[in-house]
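Step one of this worksheet: look at the structure below.
Just so it is clear, none of the values below were taken in a lab; they were calculated from the coordinates. Keep in mind that this is a model prediction, so the values were computed, not measured. Please note: Cβ atoms are built from the backbone with ideal geometry, for glycine as well, and neighbour counts cover all protein chains shown.
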Amino acid sequence: MPVSVKVIGAGSIGNHLAHGCRSLGWKVTLVDLDHQALARTREVIYPSRYGAWDDKIVLAAPQEVLGEHFDLVIVGTPPATHLSIAMEELQSTSPSLLLIEKPLSHPDQDAINSFVAVAASSATRVLVGYNQRLKPNTLKFIEVAGSLDLGELKGLSSEMLESWDGIMKAHFWMSSEKDSYLAFSNQGGGALLEHSHALNLFLYLAAQLDQGRAEEVSASIEWVKHESGEYDRDSVLRITLGSGLIGEVRQDLHSWPASKKARADFERGALVWRMGESSDALDYFSPEGELLDQWDFPKTRPDDFLGELRHLGSLLEEPNQGSPLDLEHGVEVMRVALAAFESSRSLAPQKIPRD
């Protein structure tokens, strides 16, 4: 039997994930409270992105599938709704896997703690959708870093610098960023949470390179206030790792062309991870800056999600294996982000809280 999937949220990410699941032959039900969002998916978003509407996708209001069991449930709604929707799924339908799109939540530590407690007692495995961890150039980075004699790690950085004009084009039905959570950091928008792939990738690579967890963060954040709230437009984080190494993460909402990359500098060379529109890549440089090797991975936008979705299929077949998407990793991103917000407000470094 094909994997049965419920995707909650018919926005941009919901369409990408629904299409990715269908490309693997899975049975997909796409759910949204807004019947206009479902109509827009069927008539505009899906056919314009992927060539034609897929009649095998079931479109439904939440009450139409109430209590129905699915192998996989994906929460692709605005961040401030993630935990309440996920909690309801854990308590009512108990899917085998529950994937929450990044970020895990809006910045509310109490809500996160409550959800983690419920998830810990549930039979459902909860994951957070940081798909960059499972992309080919990330896997190649880990392979190359382990196989080359690069010596001691001297520096680590990551950035996701991209104007939100691209996000707005993908959400063409909105007249401005203020029509959604994007212009409200307290709802999970702003640079630090909306572009948290950079922070997540930094933490992941640090762990893979045996640098330990983030221990302290010092943040410089540019805040933009408007008539109904505020958001962080440009966030620079200096993160002290367990090894003592201090690395940097930067995320913004104004740079164009976009720059999405991570860099690890070693005694005897450097590795640079890059994400692009038509390909992702890994570059290997000598200490003098000479390009020694390059691995290129051509792709389309839908390909960005296939590694993640294939991994979910693998987890359904072999539930005992570990996963770089497990809930604890999404929680760690939120811990660092919340400490960074506090550092910006207090103008002082902040320790990363631990249980």
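Semi-axis lengths, largest first, of the ellipsoid equivalent to the stretch 1-47 are 18, 11, 8 Å, with √(5λ) applied to each eigenvalue of the Cα gyration tensor. Let me make sure I get this right: for the stretch 186-333, a, b and c are the square roots of the gyration tensor eigenvalues over alpha carbons, sorted descending. Under 1.5 in a/c it's rounded, otherwise prolate if a/b > b/c, else oblate. Which is it? Rounded, because the longest to shortest axis ratio a/c is under 1.5.
A DSSP coil position with no more than 13 other Cβ atoms inside 10 Å describes the following GluC sites (Glu not before Pro) in the stretch 254-355: E267, E277, E288, E290. Averaging the Cα positions of each part gives two centres, and for the stretch 29-107 and the stretch 229-302 these lie 31 Å apart.
Ordering L24, L237 from the fewest to the most neighbouring beta carbons within 10 Å gives L24, L237.
With a simple spin-label model that places each label point 7 Å from the Cα along the Cα-to-Cβ direction, the separation between V65 and S176 comes to 3.5 nm. Across the stretch 259-352, Cα-Cα distances exceeding 17 Å account for 70% of all pairs. Computing FRET efficiency as 1/(1 + (r/R0)^6) for A348 and S121, where r is the C-beta to C-beta distance and R0 is 51 Å, gives about 0.90. The relative contact order of the chain comes to 18 percent, based on Cα pairs under 8 Å that sit 6 or more residues apart. Our estimate of slack between W223 and R268, defined as 0.36 nm per intervening residue step minus the Cα-Cα distance, is 12.3 nm.
Each residue, L148 and T300, gets one label point 7 Å from its Cα in the Cβ direction; the gap between the two is 3.2 nm. Protection proxy ranking for 99-108, 161-170, using the average of other Cβ atoms within 10 Å per residue and placing the highest first: 99-108, 161-170. Between S114 and Q321, the distance separating the two model label sites (each 7 Å from Cα on the Cα→Cβ line) works out to 3.6 nm.
Using the Cβ of R213 as centre and a radius below 13 Å, the other residues enclosed give a net charge of -3, where K and R count +1 and D and E count -1.
First check a/c for the stretch 4-130, with a ≥ b ≥ c the square roots of the eigenvalues of its C-alpha gyration tensor; if it is under 1.5, answer rounded, and if not, answer prolate when a/b is larger than b/c or oblate otherwise.
Cα axes put the stretch 4-130 in the prolate bin.
Size of the stretch 33-103: Rg and Dmax of its alpha carbons, in Å, are 13.4, 37.
Looking only at S243, S228, S92, which one moves most when the chain is put into a Gaussian network model with springs between Cα atoms under 10 Å? Greatest mean-square fluctuation among the candidates belongs to S228. Annotation: extensible slack from E288 through H254 equals 9.1 nm (criterion: 0.36 nm per residue apart, minus Cα-Cα distance). Label zone of E230 (point 7 Å out along Cα→Cβ, amide N under 18 Å): in the stretch 123-167 this covers no residue at all.
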